[in-house]
Amino acid sequence: QVQLVESGGGLVRPGGSLRLTCEVAGFPLSPLTMAWYRQAPGKERELVAAITIGRTTNYGDSVKGRFTISRDNAKNTVFLQMNSLKPEDTAVYYCNAKPFYNIAINYWGQGTLVTVSS
C-alpha cells in the first residue's frame, strides 16, 4: 500500500512563502508521477503542479511563476515551494501519486491546510 504524508502547511501572510513536503512510503518514488492538488471550501479540487518521472513539470495557471514542484527520488520525497502567496491560495493541499505504467491508479495523502491571511 502506497502512503503519502503531507506536511508543512500552516498560516502565512500574503507575500510570504511556504514549503510543503510529501513523503512517500510503501513504494519507490521513481516510477510515480507526482502532483499537488488543492481544494478550497466550496470549490472543486484543482491541479496545482505535477512532475513526471522525467522531471517534466506542469503548473496551474494561477500558480505559474510562484510555485515550484520538485522531487528527490533517493529520499522518496516531493516538495512544493510556494512563494508570493495570495489569500486565494488558501486551501487544503493534497499530494497525489500515479504509477507511470498505470495512471488510472491514484494515491492521495490526507491533506495539509494552507491559510494565507493578514
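Each value in this text was obtained by applying a stated rule to the coordinates, not by laboratory testing. Nothing here was measured: the structure is a model prediction, and the numbers come from that model. Virtual Cβ from ideal backbone geometry, glycine too; neighbours counted across all protein chains shown.
How much FRET efficiency would the formula 1/(1 + (r/R0)^6) give for Lys43 and Tyr101, where r is the Cβ-Cβ distance and R0 is 25 Å, rounded to 0.05?
0.20
Bin width 5 Å, origin at 0, all Cα-Cα pairs of region 76-118: what percent of pairs per bin?
Calculated over all Cα pairs of region 76-118, the distribution is 5, 17, 22, 21, 15, 11, 7, 2, 0 percent.
Taking the Cβ-Cβ separation of Lys64 and Thr115 as r and a Förster radius of 22 Å, what is the calculated FRET efficiency to the nearest 0.05?
E(calc), rounded to 0.05, equals 0.50.
Output ³J(HN,Hα) for region 40-50: one whole-Hz value per residue in order, computed from phi by the Karplus curve 6.51 cos²θ - 1.76 cosθ + 1.60 with θ = phi - 60°, and x for Gly and Pro.
8, x, x, 10, 6, 5, 10, 6, 9, 7, 9
Taking H placed 1.01 Å from N in the peptide plane, check which residues at least 5 places from Ala49 or on another chain put their amide H under 5 Å from its amide H.
Trp36, Gly60
Mind listing the Cα extents of region 1-60 along all three principal axes, in Å, largest one first?
Computed over region 1-60, the largest-to-smallest principal extents equal 35, 24, 21 Å.
When ranked by the protection proxy of mean other Cβ atoms within 10 Å per residue, highest first, what sequence do the peptides 101-113, 76-88 form?
76-88, 101-113
Over the chain, how many pairs of lysines fall under 25 Å by alpha carbon, counting only those 8 or more apart in sequence or from different chains?
Summing the qualifying lysine pairs gives 6.
Mind listing the long-range amide H neighbours of Thr33? Cut-off is under 5 Å, sequence gap 5 or more, other chains count too, H placed in the peptide plane at 1.01 Å from N.
The list, which skips near neighbours in sequence, is Lys98, Phe100.
Using the Karplus curve 6.51 cos²θ - 1.76 cosθ + 1.60 with θ = phi - 60°, work out ³J(HN,Hα) for each residue of region 3-19 in order, rounded to whole Hz, and write x for Gly and Pro.
10, 10, 10, 8, 8, x, x, x, 9, 9, 7, x, x, x, 10, 8, 10
Relative contact order (percent) for the chain, with alpha-carbon contacts under 8 angstrom and 6 or more residues of separation?
Computed value for the chain: 36 percent relative contact order.
So what are the three principal axis dimensions of the chain from its Cα atoms, in whole Å, longest to shortest?
42, 25, 23
By the scheme Lys and Arg +1, Asp and Glu -1, what is the net charge of all other residues having a beta-carbon under 11 Å from that of Thr115?
For residues surrounding Thr115, the net value is 0.
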